[in-house]
Ligand code: FAD
């Protein structure tokens with residue numbers, strides 16, 4: 001490409017015309033404005049790097065803010081309040097059946113999303129990050145072509161270095177027909193209608209969170225999962241607590257079972273199952289949520305033209321500095337692999353931005369927490385018991401049942417448990433998990449303990465406020481050391 005305006009070296013973003021094309025030159029291109037991408041762009045800009053941020057969506061925030069973490073939590077919070085209000089009848093306070101206006105509820109969720117995405121746009125502007133809306137594909141190792149959604153001529157971004165943060169999309173199944181009554185998580189979050197009967201295909205976190213929302217709204221929900229348990233990754237003792245609490249919420253939880261044929265008919269979607277819990281007859285549903293995982297967007301960006309290797313599945317391999325095989329191109333977030341979580345993407349984004357700015361940062365997290373914002377919530381981080389057993393890692397565990405927590409009893413939610421895993425020799429914390437209300441917030445103390453290399457005494461001797469659920473973490477550590485006075489004495 002021959003430039004009409006000489007522009008080298010690149011000192012900031014600048015727009016000019018070359019070979020009849022509009023070229024935007026910058027130091028750093030960030031492709032994808034999800035949690036990873038916008039965090040990387042903002043960090044780079046704060047470090048004085050002229051940054052262009054490209055995303056095909058009209059708003060910043062990627063999957064997480066627009067159609068993932070935030071809208072799902074807005075709905076889950078509302079549903080948790082409805083559930084809590086219903087449960088109060090056991091304590092002598094009855095409200096009657098809730099009147100649910102799904103349109104108003106969807107508007108509330110959209111307003112929450114808008115507040116956050118508007119906030120991001122303002123922050124991009126304040127930082128002078130240049131945002132371009134359009135679909136980007138690499139043209140060569142230093143140019144990205146951005147096709148505008150409105151059919152305008154494409155823009156070319158010329159960059160010195162780049163961060164690929166193009167994220168992931170919902171995985172599909174080949175035999176699932178195209179029908180408006182069959183949706184992925186984005187479709188389910190739209191809350192177009194509350195179905196009478198719903199099938200959730202896939203018993204992972206996203207599927208079960210949406211199943212929770214729709215069941216509180218009044219749908220009768222079946223869940224089908226081909227593995228032998230729900231929420232892969234979480235220890236079974238935690239999932240068992242969730243399953244007991246939710247036994248009446250769902251009609252069928254079909255484990256070791258697959259949907260094998262789906263037929264969209266006028267009267268509903270007919271599904272045939274095979275496996276251990278398969279009903280003999282096909283079942284009819286008004287809505288099906290396909291939540292069978294997420295696949296990376298690596299194959300959609302012509303990364304090979306930039307010299308970046310993409311795996312068969314669409315992932316990009318990176319080193320601890322988030323660098324791809326092409327030295328000046330980094331990749332972060334869902335596109336570099338599991339766990340596909342927003343907080344992981346953000347931290348990787350900061351590391352990549354700091355390195356693109358000439359620093360020497362590494363992504364060497366000791367732990368990345370996972371949370372299912374179901375009711376009750378399940379949260380875990382560091383080593384899990386099933387991981388430890390699979391990898392033959394020596395550990396000793398301590399469990400504090402919430403039935404011994406004054407606060408959990410006062411809350412009327414004593415079904416939970418807090419579990420900590422320790423190194424049997426050093427008593428150092430290896431991992432932790434919680435099932436119960438607010439587990440997603442409570443896990444933060446265990447995250448910090450792991451990052452700081454805390455041992456059981458550090459955790460047990462930390463004075464925590466009473467009466468709180470957070471005490472269950474300290475008391476688990478005390479139980480491990482045999483000094484807990486809120487449980488029966490350890491056997492002598
Ligand atoms: P993304 O958020 O996927 O963003 C990538 C962006 O790149 C997108 O906006 C996409 O439009 C854009 N893009 C892709 N290709 C191109 C291209 N060629 N040109 C231009 N733009 C492009 N995670 C949590 O941690 N907590 C949760 O509670 C949680 N809940 C979730 C609930 C749901 C329903 C879903 C679907 C996901 C949830 N996640 C949650 C996962 C979380 O959303 C992702 O891990 C996170 O968004 C990944 O961030 P990212 O920056 O890697 O990419």
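All of the numbers you see were taken from the coordinates with simple rules; none came from a lab. Note that the structure is a prediction, hence the values are computed from the model and not measured. Quick reminder, even Gly has a Cβ in these numbers, built from the backbone with ideal geometry, and neighbours come from all protein chains shown.
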Any chance you could give the angle, 0 to 90 degrees and rounded to 10, that helix 205-217 forms with the longest Cα principal axis of the chain?
60
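Give the calculated FRET efficiency between residue 77 and residue 244 to the nearest 0.05, with a Förster radius of 25 Å applied to their Cβ-Cβ distance.
Values: r = 23 Å, r/R0 = 0.92.
Result of the calculation: an efficiency of 0.65.
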With angles folded into 0 to 90 degrees, how steeply does helix 471-481 sit against the dominant principal axis of the chain? Use alpha carbons for both and round to 10.
70
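Quickly estimate the mean residue ellipticity at 222 nm for the chain, helices only: each DSSP H run with n ≥ 4 gives -39500 (n - 2.57), and the total goes over all residues, rounded to 500. Walk me through the numbers on the way to the answer.
Working: 13 runs with 146 residues, N = 492.
The helix contribution divided over the chain gives -9000 deg cm²/dmol.
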Starting from the 7 Å offset along Cα-to-Cβ, what nm value, one decimal, do you get for the label separation of residue 14 and residue 328?
1.6
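Where a ≥ b ≥ c are the square roots of the eigenvalues of the C-alpha gyration tensor, would you call the chain rounded, which needs a/c under 1.5, or, failing that, prolate if a/b is larger than b/c, or oblate?
Numbers: a/c = 2.00, a/b = 1.36, b/c = 1.47.
Since a/c reaches 1.5 but b/c is at least a/b, the shape of the chain is classed as oblate.
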When all Cα-Cα pair distances of segment 160-269 are considered, the percent exceeding 20 Å is 45
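How high is the FRET efficiency from residue 466 to residue 108, r the C-beta distance, R0 30 Å, rounded to 0.05? Numbers along the way, then the final one.
Numbers: r = 35 Å, r/R0 = 1.17.
So the FRET efficiency works out to roughly 0.30.
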So what's the angle, to the nearest 10 degrees on a 0 to 90 scale, between helix 69-87 and the longest Cα principal axis of the chain?
20
On a full-extension model of 0.36 nm per residue, what is the gain between residue 127 and residue 140, subtracting their alpha-carbon distance, rounded to one decimal in nm?
1.9 nm
Estimated distance in nm for a label pair at residue 448 and residue 172, the labels positioned 7 Å out from Cα along Cα-to-Cβ
4.6
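I'd like the FRET efficiency for residue 426 and residue 228, computed as 1/(1 + (r/R0)^6) with the beta carbon distance as r and R0 of 41 Å, rounded to 0.05.
Details: r = 34 Å, r/R0 = 0.83.
In this case the efficiency is close to 0.75.
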For segment 143-157 and segment 381-406, what is the separation of their C-alpha centers, rounded to whole Å?
51
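Which shape class applies to segment 427-492: rounded if a/c is under 1.5, otherwise prolate when a/b exceeds b/c and oblate if not, where a ≥ b ≥ c are the square roots of the Cα gyration tensor eigenvalues? Display every interim value, and only then the final one.
On the way: a/c = 1.75, a/b = 1.22, b/c = 1.44.
Since a/c reaches 1.5 but b/c is at least a/b, the shape of segment 427-492 is classed as oblate.
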